[in-house]
Amino acid sequence: MKILVPVKRVLDYNVKPRVKADGTGVDLANVKMSMNPFDEIGVEEAIRLKEKGVATEIVAVSVGPAKAQETLRTALAMGADRAILVQTDDAVEPLAIAKILKGIADAEQPGLVILGKQAIDDDNNQTGQMLAALTGWAQGTFASAVNVEGDSVNVTREVDGGLETVKLKLPAIVTTDLRLNEPRYASLPNIMKAKSKPLDTKTPTDYGVDTAPRVKVVKVSEPAARSAGMKVADVDELVAKLKAMGVHS
Amino acid sequence: MKTLVWVEHDGKAVKDATLAVVTAAAKLGEVHLLVAGSGVDGVAKEAAAIAGVGKVHVADNAAFGHNLPENIAPLVAELMASHDAFLAPATTTGKNIAPRVAALLDVMQISEILSVEGPKTFTRPIYAGNAIATVESSDAKLVLTVRGTAFEKAATSGGSGTVEAVSAGGDAGISSFVGAEIAKSERPELTSAKIIVSGGRALGSSEKYEEVIVPLADKLGAALGASRAAVDAGYVPNDYQVGQTGKIVAPQVYFAIGISGAIQHLAGMKDSKTIVAINKDEDAPIFQVADFGLVADLFNAVPELTQRLGD
Amino acid sequence: MSDFSAPSREQQFLLRHVAGLHELPIALDADLVDAIVEGAADIAENAFAPLDRVGDTVKPRWADGRVTMPPGFCDAYAAYVEGGWGSLAGDTAYGGQGLPFSLMMVANENLFAASLGFSICFSLTTGAIEALEAHGSDAQKRTWLPRLMTGEWSGTMNLTEPQAGSDVGALRTVATPADDGLYRIRGQKIFISFGEHDLTGNIVHLVLARTPDSAAGTRGISLFLVPKYRLDAEGRPTIDNDVRCVSIEHKLGLNGSPTCVMAYGDRGECYGELIGEEHGGMRAMFTMINNARLNVANQGVGVAERARQKAAAFARDRVQSARADGSSGGKPVAIVGHPDVRRMLMRMNALTQGARALLYYAAGQVDRANAGAPEARARLELMTPLAKSFCTDVACEVSSLAIQVHGGIGFIEETGVAQHYRDARILPIYEGTNGIQAADLVGRKLARDGGAELSRLIGEIRGEAGDEATLIALCGEVERVAAWMLAADVNDRLAGSQPFQTMVSVLVAGWLMARQLRVARIGAEEGDVFVGAKISAARFFLDCLVSEALGLAASATMGAAPLYALDEDMLLF
C-alpha cells in the first residue's frame, strides 16, 4: 500500500508570531520555518506503518514556494521514499490544496492519505476533510491511533470528552492529532540519503487547479491586549464570570 | 439570508455548543436548524424551542446516528440547495463535518469565527490566537464554524420553530462507528491542559494543597501547577512548577491561587488566555495580569468556588 | 517548548566563508550541508536543550560505585545514537560517515549550547576515537571503534592524578605486563568527566600509566585502553574489569557532567591494552588533546551563544525606565532600548561571532590537514592555543554580561542565566589552562620557527585587510610584540604571554570578521536580517574590540620584573 503524506512549511513552532505593523499578516521574513508539527506526526505514522510492513511506499507532498523543498527533504530524511513539490508562490487555501491533492491521489492511487489535522499558521483544520469529500473516501480526523486491518482501517479519534473509534473502508483519509505518536529526529545517514531520493516538481496547473483565493484577508491584527486586573467582588461574581466563559464542572 | 445550523446533540438533548451558533447565525439572517440522528424527535422539539429559530429540519435515520461525516455531509449539501450559509460549532463534530460539506459545495470554509463583521466578513484567530484575521468570503454560499465562547448563548425557550422531516441521505457504506470511550478522569498534562489550577506558598503545606487546590482541579478536569516557592517549600513535586525555569504554559484558563506573581512565575503563564487570581494581598503583582482578581482568603474562597462551580 | 534556537544560518555562512568547506576534496553540495546543519539543530533544540536545567539541578547521583544520570538523559542520548551523530566525522572503514571535522564542530556546538554539562560526554568519546584511529592497532580499531563511533559506548581521558595536574609527568598509575599481551592497571585518577554513568553499555577509558622501570617524567608514560567491562568471546561487554568510581565531585557548575574519581585495579583484576608504543603515551595523548582543545573552544562558543540568546530575549521583554532622551515620552520601555544594555548586547554578539569565526577557521585547517595539506597543519598548530583560550575567555565574559543584562534577577538562579556563567567557568581551566595555552603560544608555537608561521599569517591578513585601519594597526602591533617575545628572556616572555595571546586571537578573529563583512551581502535577499546583524557585529568587532586589543601591547611587553617587584610574602599582605 502506498501512503501519501502532505506536509506544509510553516513558521517554526518555537517562534512567537509577530503581526506586521501594516496589518497585512504575520511577519515571516527572516524567521525560522519548519514542517507543520501535525504533518510531522503524519510522516512518522506513515513510516511506522511502513516499518510494520503495512505500507510499501511513502510519498510526501507539499504545495508551496521553492523553499518548501526543504520541508520535503525533512520528510525524506525522516523516511519518506519520494516527494512531490507543487510549486507556487501564492498563498493557497485549503480547498485548492485539497483539489491539488485529489489530482495527486488520482495519479498515485494511495491506500491512505495522512495529513496533519491543521496547520499551526492559519489553523483552518479543513484540508483532510475536504480531500475526503472530493475523493469520496472515508475520513478519520484527529487520530490518536491508526490500525490497518485488511481492506479497512480503524481510526481512534480524539473527540470532545473522550475517544471514538471508526472503521473506514480503504482508501481513506486520516488526519493526525498530537497524541498519535512522537516523531523521530531525522538521522544523519537518512539526511544524507534524502539527498538522492527523487523529488518531482509540479505546478497547480498540472492538476488543473485554480488557486485564486476565495477568502480575502482584510486585515490581521494583534489580539486585544490583556486588560489589567479587573477585580471581582466575591466568589459569586467570579463564578458568574467563569460560567459565562464556559468554565464549569 | 437563510442559514442552516448544525444542532449538536447526544441523541437526547441539544448540546450547549449549538446555542452560540444560533446567535451567530441570527446575525446573518433567518435561522434554520438541522437535527440529524437516530430517534431524535425529542431533540427536534427542544431545538424548535430555541429563541429565534424558524425551521427545524429533522433527518431521522440510523445512518446519521454517530455523526459520520461520510453520511451527513451529502445530506447537508442537499439541504444547502435552499440555504445560503451552513454554520456548525467548532467542536470536534462540527470540525469533522463542515469542511466536508464545504468541499461538496465548492466553498472555502471560514473556521472558528469570533465575530460577524458583515454579511460575508468575519474575524477568526490564526497562529493559535496570536493574531486575529478579518476575512471576507467571495463564495456564493457560506460555510462557517463558530467558536462557542465568542458568542452569547441563545435562550433555550421562547422559540416556535416548525419541525420538518427530511428524507434525504443514507449510508454511504464506507465508514462505520465502532465504539466510544468517555475520557478517563486522568489528570491532563500541565503543558497541554485547557485549565490549570496552580497553588503558591500561601497554602502553607502540602496537606493544604491537597485539601484546597486538588478538589478545584478535580472539579474542572484541570492540571495541577505550583509556583517555585511552593515547590521549594516541598508542597508538591518539582514537575508541578510553572515558570521560566519550570513549565511554560498557555491554557485557556489559569487559576493562580495564593501566588504573588513573581516575574519568573509570570513568564511561565502570561500567555494563558484567561488568568484568574485569588490572593489575600490586594497589591500582589499577579493582579496586574489577572483578568479576574479576587482579593480574599483562599482557604475560604477556593472551597466555596469549588462547590459553586458544580452547582 | 525550547528556549534555544541553534544559529544555523550563521553556521552555514561560516562553513562556507571561514572554514571553506566547499573547497575540500570531499564534494558536499550546499543543500546537503544545510540539511545536516538543520538536522543537528533539531535534536539539540528539542532533545537536549530541555535537559540543561535538569542536569544543573537534579545532577548525576553516585551510589555504590555507579552513577545514575538525571531523568531524560538516557532518552536524549539514545536519540543521538540512533541519529548517527556520533559517527559524523568518523572513519568510514569503521562505520563512520567520513564527513568533515568542521561539520562535526557545528553539530557539537549546538549540543554544547543546548546542554553543556551533558554534551561534553560526546567530546570525550570523540577524543578516544581520534586517539585510537591514530595509534591503535588494526585489531584494536576493529574491536573498539565501531561502537565508540555510534555512541553505543562512550570514551574518557584519564590524565590527572591528585599530585599530577598540569604536570602530567608526575603521574603514578602503574601498568604491569600480564598474560595475553594485556597489562594489569593499578592507580587512581581524578577529574574524569563521564568516568562513570548509565548512558551506555560500556565505557572505554584511555588511561596514562607507567610501565615498570620506565623513565621519570613524561618520557616514561604509556597509554592504555581500559574498558569498564572487558569483552567476552562473542565481543559482548560482560566481564567486570575492576574499574570503580569512588566518588563524584561537587562543583561550581557543569553539574550535568559527573566528574569522577576513578579507582583502577583495587582488587588487582583490572586489565588494559597498550595503545601505540610503550612510552609513547604522551604523543598519543596529544592527538586526543589537540582536537580536544578545539572541542573545548567549541564548548565556549556554545555556552556564549546560549547566554547571549537568553540576555537578548530578556532585554526585549523586561520593561524598566523611560528612554534617557525623552523619546518614549516618559514611559518605561523594554531595556533593550537603553544605550548601555545595547552596548552589552552588541559586545556579546561581536565576541560570540568572533570566537566562532576563529574556531571554524581552525576547524577548516583540521580538514585541510586531514586532506594532506602540510601548511594547514602548521596553521592549525598556531590556531589551537588561540581558539582554546579566546573562545573560553569569551564564554566567561559573555555569560557574565548576560547576567549583567538581567540585573538583580540574573543573580537569582531561577532565571537560568547564572548557570551558564557557572558552567563556563571551567572552560579556561580544563584541557590545558589558558595560561598553559599562552605558554604554548610564545614557547613552542612562536619560538620553534622563529615566528615564521605567524609572519605568514600576518602577511595574509594584511593582504585582505583593505582599508580596515585598526586591523592593519593590530597587525603591526602583533608583529612588534612577537619580535620582542622572540628576543625576550623566558620569564619576560611568559609574563606577557596572556595579553599577547589575546592580541593574536583578536587579530585573527578581526580578520575573519572583516572578511564576513565583505561577503555578507553576496547572494542575500533584500531586507535579509542576517546580513544587517552580521555587518553590525563585524563593525563592532573591528571598531571596538580590535581597538581594545591594540592597548594590550603594553602589558604584553612589560616583562617579568614588575610581577616580581613584591616578594611572595608581600603578595599576601
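The values are calculated or read from the model by the stated rules, or taken from the named source; none is laboratory data. Quick caveat, the model's predicted, so the values are computed rather than measured. Cβ placement follows ideal geometry from the backbone for every residue including glycine, while neighbour counts extend to all protein chains displayed. Note: areas computed on protein heavy atoms with side chains; ligands, DNA, RNA excluded. Shrake-Rupley method; radii C 1.70, N 1.55, O 1.52, S 1.80 Å.
Odds and ends about this structure:
- Counted residues, region C:552-573 - those being surrounded by 12 or more Cβ atoms within 10 Å (Cβ to Cβ), small (G, A, S) and not in a helix (DSSP H, G or I): 2
- Picking from residues in region A:107-129 that are part of a helix (DSSP H, G or I) and out of contact with any Pro (no Cβ under 9 Å at 6 or more places or on another chain), the one that is least open to solvent (accessible area, probe 1.4 Å) is A:E108.
- Across region B:134-183, the number of residues qualifying as at the interface with another protein chain (Cβ under 8 Å from one of its Cβ atoms), exposed (fewer than 15 other Cβ atoms within 10 Å of the Cβ) and among the acidic types (D, E) comes to 1.
- Criterion: within 23 Å of C:G451 (Cα to Cα) and in contact (Cβ under 8 Å) with a residue 12 or more places away in the chain - qualifying residue of C:A371, C:A378, C:A418: C:A378
- Subset of region B:279-310 (residues that are of a type in the set (V, I, T) and facing chain A (nearest Cβ under 8 Å)): B:V289, B:V295
- Annotation note: Cβ proximity below 8 Å between a residue of region B:22-43 that is in a loop (DSSP other than H, G, I, E, B) and a residue that is of a type in the set (V, I, T) (sequence gap 6+ or interchain) occurs for B:K27/B:V116; B:L28/B:T3; B:L28/B:V116; B:G29/B:T3; B:V40/B:V58.
- Among (1) in contact (Cβ under 8 Å) with a residue 24 or more places away in the chain; (2) open to solvent by 10 Å² or more (accessible area, probe 1.4 Å) - the single one B:I286 does not satisfy: (2)
- Just one of the numbered conditions (1) within 25 Å of the chain's Cα centre (by Cα); (2) buried (at least 17 other Cβ atoms within 10 Å of the Cβ); (3) free of Cβ contacts under 8 Å to residues at least 60 places away in the same chain is not true of C:L223: (3).
- Residues satisfying the stated conditions in region B:81-131, i.e. facing chain A (nearest Cβ under 9 Å), β-branched (V, I, T) and open to solvent by less than 10 Å² (accessible area, probe 1.4 Å): B:I97, B:V101, B:V107, B:I110
For every residue, the table says whether it meets (1) within 8 Å of another protein chain (Cβ to nearest Cβ); (2) modelled with pLDDT of 95 or more; (3) open to solvent by 20 Å² or more (accessible area, probe 1.4 Å).
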site: A:T156; (1), (2), (3): no, yes, yes
site: A:G162; (1), (2), (3): yes, no, no
site: A:K169; (1), (2), (3): yes, yes, yes
site: A:V174; (1), (2), (3): no, yes, no
site: A:E182; (1), (2), (3): no, no, yes
site: A:K193; (1), (2), (3): no, no, yes
site: A:S196; (1), (2), (3): no, no, yes
site: A:T205; (1), (2), (3): no, yes, yes
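- Index of the failed condition, C:D528 passing every other in (1) free of Cβ contacts under 8 Å to residues at least 24 places away in the same chain; (2) open to solvent by 30 Å² or more (accessible area, probe 1.4 Å); (3) within 14 Å of chain A (Cβ to nearest Cβ): (2)
- Of all residues in region C:133-140, none satisfies being touching a Phe, Trp or Tyr at 6+ places or on another chain (Cβ under 7 Å), in contact (Cβ under 8 Å) with a residue 12 or more places away in the chain and not small (G, A, S).
- Taking (1) more than 7 Å from every other protein chain (Cβ to nearest Cβ); (2) buried (at least 17 other Cβ atoms within 10 Å of the Cβ); (3) among the small types (G, A, S) in turn, A:A132 satisfies each apart from (1).
- There is at least one residue in region C:164-180 that is of a type in the set (A, V, I, L, M), closer than 16 Å to C:G220 by Cα and open to solvent by 40 Å² or more (accessible area, probe 1.4 Å).
- Every residue from region B:268-278 that is buried (at least 20 other Cβ atoms within 10 Å of the Cβ) and facing another protein chain (nearest Cβ under 10 Å): B:S272, B:I275, B:V276, B:A277, B:I278
- Against the conditions (1) among the hydroxyl-bearing types (S, T, Y); (2) at pLDDT 90 or above; (3) touching a helix residue (DSSP H, G or I) at 6+ places or on another chain (Cβ under 8 Å), B:Y240 satisfies every one except (2).
- For region C:79-114, the set of residues classified as within 11 Å of chain A (Cβ to nearest Cβ) and hydrophobic (A, V, I, L, M, F, W, C) consists of C:A79, C:V81, C:W85, C:L88, C:A89, C:L99, C:L103, C:M104, C:A107, listed by residue number.
- Taking the criterion of being away from chain C (no Cβ under 13 Å), in contact with a helix residue (DSSP H, G or I) (Cβ under 7 Å, 6 or more places away or on another chain) and part of a loop (DSSP other than H, G, I, E, B), the residues of region A:1-47 that qualify are A:V7, A:K8, A:P17.
- Verdict on B:K247 being within 11 Å of chain A (Cβ to nearest Cβ), surrounded by fewer than 23 Cβ atoms within 10 Å (Cβ to Cβ) and within 30 Å of A:G161 (Cα to Cα): no
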